[in-house]
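These notes are about the structure you will find just below.
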Amino acid sequence: MNKTGKPAGYLTFTLHSHLPYVVNHGTWPHGMEWLHEAAAETYLPLLRALKRLEKDGIGLFANINLSPVLMEQLSHPNFINEFPNYLQRKITAATEDEAFFIQGKEDHYADVARFWKAFFTEDLEHFNELNGDIIAGFRYFNDRGLIDIMTCGATHGYNPLMGTDESVRAQFRMAVKAHRRHIGKHPRGIWVPECGYRPAGFWNYPVPPAGETTPYPGFERIGTERALSESGIEFFFVDTHLVEEGKRIPSPYELLNGTVPRDITAIRQTERGDRRLYQPYYVDGPYDKRYATTIFPRDPRTGVQVWSGESGYPGDPAYLDFHKKRWPGGHRYWQVTGAKVDMAYKLPYWPHEARERTRDHAKHYAHLVREALKDARNDEIPPILCSPFDAELFGHWWFEGIYFLENVARELHNSDIQLTTCADYLDHYPRASFIAMQEGSWGANGDNSVWMNPDTSWTWTHIYPAEIFTREVCTGTLWQDGGLGERIAKQLCRELLLMESSDWQFLITTGAARDYAEKRFANHNSDFLNVKRIWQAFEANGTLTEEEDKSLSEIEERDNLFPDIDPIFWRKGEVAADRSDPALKQ
């Protein structure tokens, strides 16, 4: 505790759980296999860690984002039916490996095969205990205040590059709608995809529409903060450099005359550099600051220890090597051994010893957090260190990572540094000030280059006209017939959302699954254009041919996410209900 009797500081983990829409779009090596791996190696093990902590009276108190498109997949009948079969295949493969190793008198490898058999058997039993409802498992801990489930863009659309305000708003409004359907309450926080932030101001389209040489005219666009505020979202996360380079606005006189935040007394003035990254800020901009949104900066000091496979914890020689697998089952039997060690020379994996290493790394991590916050530990307002990661890093990429998180929670339990959720911190402590930020992300170079570059610019030449056409359709009234017109408009919106997924550009740029990503984007663009033609036929004739109706049905069956999608979200100038609307807080 500090001199005021409060904790000396806080640590808040943020776990971003997300996968692009893969249901009905391939199985292996890209497609449903991604979803199965993430569920088996990250989501279910994380729930078990939360349960172990709860049993011991300890909370992880993490901000856990379950992206809307991920929840649509985890609740999809195809996943629920197929996932047990995937787990059974993993169990069978481990059993076959065990027999192979026993025959070769390789006793240790046989033991590791039994480890994998037990691991996936536990997954299967756990999934059955949840009646196939992984979301319900997370909702249990959310309802007990042990985690805070946040939302994300509906399909992880990268808002700094999106071409209409309506598309940005729709990504967030559809996210809130899906979150309330799955979680049962309004989300307070959001993981803005790729930590992408755009300020308000004049913007020019970076590329022309496909087949044209001149871009659409530029326009004055809204900022991320306004779109979030309109949807009742209280806070989001930004990368380090946006705060380090941001303009502090400690005395926003322009907010007077009835436009100050409802808790203006909860703005404090802090100029010290040691607090700059360890406090939340209201976001400045041209929007109603009675309902100002808040940002939490990412801490750079502790992140590298968890992200880096070379200099960070995941590169420890004792941990499970991600890349070397035994086929056909795909199980892993070797440890990292060393970052530069050739695959042929990887040493055998020892699960128990690897798990024990997470205790040492948890202690080291707690030390790093204390060091980062030490200069502010006696402040009246305790500092908060925000540590955000992709959830799938833990368990899937870094197999022992779930135990690391659990051990950090145990290490900090009843200590001077406490774990908390961002929502709980904001309930007890004020924001530092207002801040104005430049455009940026947590991607390479801190800008838009991962998603807009020579390899990906072609995707935007299709996205921009699709966004504008969708706005035109949804601004009209023909779709509001409660029948065929509404059905077509809804599928048009679904295909646009799937085109807007930032995953496609990311996978193309990184080369992780370039062919798959290019094919997926091209297919969604083709489906969008097909639905567009169907809409135009309906617009002209008031009905569809048998062939058109069949084509629409096939697309609906393949891309049947967001059953409650509302085309009104894409209507020109459409905004969410007034923030004073009690429905936003239900």
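The values are calculated or read from the model by the stated rules, or taken from the named source; none is laboratory data. This structure is a prediction, so every number in the text was calculated from the model and none was measured. Every residue, glycine as well, gets a Cβ built from its backbone with ideal geometry; the counts of neighbours run over all protein chains shown.
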Of those in the stretch 320-332 that are part of a strand (DSSP E or B) and within 29 Å of the chain's Cα centre (by Cα), the residue surrounded by the most Cβ atoms within 10 Å (Cβ to Cβ) is 331
Among the residues of the stretch 4-35, the number that are surrounded by 23 or more Cβ atoms within 10 Å (Cβ to Cβ) and part of a helix (DSSP H, G or I) is 1
Conditions (1) surrounded by fewer than 17 Cβ atoms within 10 Å (Cβ to Cβ); (2) out of contact with any Ser or Thr (no Cβ under 7 Å at 6 or more places or on another chain) -> residue 489 fails only (1)
For residue 511, the lone unmet condition from (1) farther than 25 Å from residue 469 by Cα; (2) surrounded by 20 or more Cβ atoms within 10 Å (Cβ to Cβ); (3) out of contact with any Leu (no Cβ under 6 Å at 6 or more places or on another chain) is (2)
- Residues in the stretch 22-29: is at least one over 22 Å from the mean Cα position of the chain (by Cα) and either among the aromatic types (Phe, Trp, Tyr) or assigned by TED's automatic domain parsing to the domain that holds residue 505 (or both)? yes
The condition from (1) under 25 Å from residue 31 (Cβ atoms); (2) among the hydrophobic types (A, V, I, L, M, F, W, C); (3) touching a Leu at 6+ places or on another chain (Cβ under 7 Å) that residue 452 misses is numbered (1)
Filter the stretch 229-246 for residues that are assigned to a loop (DSSP other than H, G, I, E, B) and touching a strand residue (DSSP E or B) at 6+ places or on another chain (Cβ under 7 Å); the one that is surrounded by the most Cβ atoms within 10 Å (Cβ to Cβ) is 233
Across the stretch 396-450, the tally of residues that are assigned to a loop (DSSP other than H, G, I, E, B), among the small types (Gly, Ala, Ser) and modelled with pLDDT of 95 or more stands at 3
If we ask which residues in the stretch 296-323 are without any contact (Cβ under 8 Å) to a residue 60 or more places away in the chain and of a type in the set (Val, Ile, Thr), their number turns out to be 1
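A quick yes/no check of all residues on (1) under 25 Å from residue 6 (Cβ atoms); (2) modelled with pLDDT of 95 or more; (3) surrounded by fewer than 17 Cβ atoms within 10 Å (Cβ to Cβ):
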| site | (1), (2), (3) |
| --- | --- |
| 292 | yes, yes, no |
| 297 | yes, yes, no |
| 306 | no, no, no |
| 312 | no, no, yes |
| 334 | no, yes, no |
| 338 | no, no, yes |
| 346 | no, yes, no |
| 354 | no, yes, no |
Restricting the stretch 395-419 to residues that are of a type in the set (Phe, Trp, Tyr) and touching a Pro at 6+ places or on another chain (Cβ under 8 Å), the one surrounded by the fewest Cβ atoms within 10 Å (Cβ to Cβ) turns out to be 397
Worksheet item: Do we have residue 226 as of a type in the set (Lys, Arg), modelled with pLDDT of 95 or more and part of a helix (DSSP H, G or I) here?
Response: yes
Inside the stretch 530-539, the number of residues satisfying the requirement of being over 15 Å from residue 553 (Cα atoms) and either surrounded by 15 or more Cβ atoms within 10 Å (Cβ to Cβ) or β-branched (Val, Ile, Thr) (or both) is 1
Residue 69: passes all of (1) touching a strand residue (DSSP E or B) at 6+ places or on another chain (Cβ under 7 Å); (2) closer than 29 Å to residue 514 by Cβ; (3) part of a helix (DSSP H, G or I) but (1)
Review point. Could you say whether any residue in the stretch 188-199 is over 13 Å from the mean Cα position of the chain (by Cα), β-branched (Val, Ile, Thr), under 26 Å from residue 571 (Cβ atoms) and buried (at least 21 other Cβ atoms within 10 Å of the Cβ)?
Key: no
Considering residues that are more than 23 Å from the chain's Cα centre (by Cα), within 19 Å of residue 574 (Cβ to Cβ) and assigned to a helix (DSSP H, G or I), the number found within the stretch 465-486 is 11
Residue 380 fails exactly one of (1) at pLDDT 95 or above; (2) over 17 Å from residue 299 (Cα atoms), namely (1)
